[in-house]
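Heads up: the structure comes next, in C-alpha cells.
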Amino acid sequence: MIHRFSVEVKGEEREVAVERLDAGRFRVTKAGRTRIVDARRILEGARASTWSLIAEGGGAARIIDVDGAAPELTITVENVSVPLKLVDARRKLAAAAAPRANTGPLSIKSPMPGKVVKVLVAPGDAVKAGQGVVVVEAMKMENELRAPRDGQVQAVSAREGQAVEAGQTLATLA
C-alpha cells in the first residue's frame, strides 16, 4: 500500500509517497524521484526515535533523529534540525473540502485544568493559523495552544501564572 503525505518544510509544501516493500525497505518518491531506502529504528524514546537510513545502490548511511509526534515533527540530520509538518494527503483533502467558519469571534479555550505559563499575543495582534497564542502547563507538560485560523486577537483573558479550568476562554480571535 502506498501512503501519500503532504510535508511542509520551512513554509514550502512537498508531496511524498511511501510504500513499504519488505523487511525495513521502503520505496520513497519525492519530486518525481524514487529511491529505495532501508530504514531501521535504532533507538526509541517516549517522544523521539533515531533511525538509520541507507539508500539502495550505495551512499553513506544517515542517522536521523525524529522528535515530536505527527503532524508536528523535528528532524535532525548531521546536527541540523528542521521542523516539519507531516499530513496524510487524504486528511489534507478532506480538511480543504470541509466548510469552515472563517468569520466571527472564536474562543481559544484551555483543554484541561492547569496554569498559564506564557501569553504569546496581545489584543490587536494579527495571528496566522497554527501560531502559538497561550502556553498552559498541565501535569508537568507545557501545551502551546495555537490559533486555529488566521485572525486578529480581540481579547486576552489569561495572564501568566494564572490557574485555569478546562474549557476556560484564554483568548478570543476576531
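Laboratory data are not the source of any read-out in this text; all were calculated from the coordinates shown. For clarity, every value in this text was computed on a predicted model and none was experimentally measured. Positions of Cβ are backbone-derived with ideal geometry, glycine not excepted, and every protein chain shown enters the neighbour counts.
Quick one: net charge of Ala174's neighbours, Cβ under 14 Å, K/R +1, D/E -1?
-1
Could you please tell me the mean projected area of the C-alpha convex hull for segment 2-92, averaged over all directions and given in square nanometres to one decimal?
On the way: hull surface 25.3 nm².
That works out to 6.3 nm².
Search the structure for amide H atoms under 5 Å from the amide H of Leu170, placed 1.01 Å from N in the peptide plane, and list their residues when 5 or more places away or on another chain.
Correct list: Ile108, Lys109, Ser110.
Taking a threshold of 18 Å on the Cα-Cα distance, which of the pairs Lys10/Lys30; Lys118/Lys140; Lys85/Lys115; Lys85/Lys140; Lys10/Lys85 fall above it?
The answer is Lys85/Lys115; Lys85/Lys140.
Quick one: putting +1 on the C-beta of Lys and Arg, -1 on the C-beta of Asp and Glu, what dipole do you get for segment 33-75 around its Cα centre, in Debye to the nearest 20?
With only Lys, Arg, Asp and Glu charged at Cβ, the dipole is about 140 debye.
Please say if segment 61-174 is rounded, prolate or oblate, where rounded means a/c under 1.5 for a ≥ b ≥ c the square roots of the C-alpha gyration tensor eigenvalues, and otherwise the choice is prolate for a/b larger than b/c and oblate otherwise? Let's see the in-between values first.
Values: a/c = 2.16, a/b = 1.35, b/c = 1.60.
Oblate is the answer for segment 61-174, as a/c is 1.5 or above yet b/c matches or exceeds a/b.
What are the residues whose amide H is under 5 Å from the amide H of Val127, where those residues sit 5 or more places off or on another chain and H is modelled from the backbone?
Gly151, Gln152, Val153
Could you give the distance between the Cα centres of segment 104-123 and segment 1-55, to the whole Å?
Computed from Cα coordinates, the inter-centre distance equals 35 Å.
When a/c reaches 1.5 or more, the comparison of a/b and b/c decides; with that in mind, is segment 9-56 rounded, prolate or oblate per its Cα gyration tensor?
It is oblate, given that a/c is not under 1.5 and a/b is not larger than b/c.
Given +1 on the Cβ of Lys and Arg, -1 on the Cβ of Asp and Glu, and no further charges, what dipole in debye does the chain carry about its Cα centre, rounded to the nearest 20? Provide the component values of the computation, followed by the final result.
Details: 26 positive and 21 negative charges, 85 e Å.
Around 400 debye, computed over the chain.
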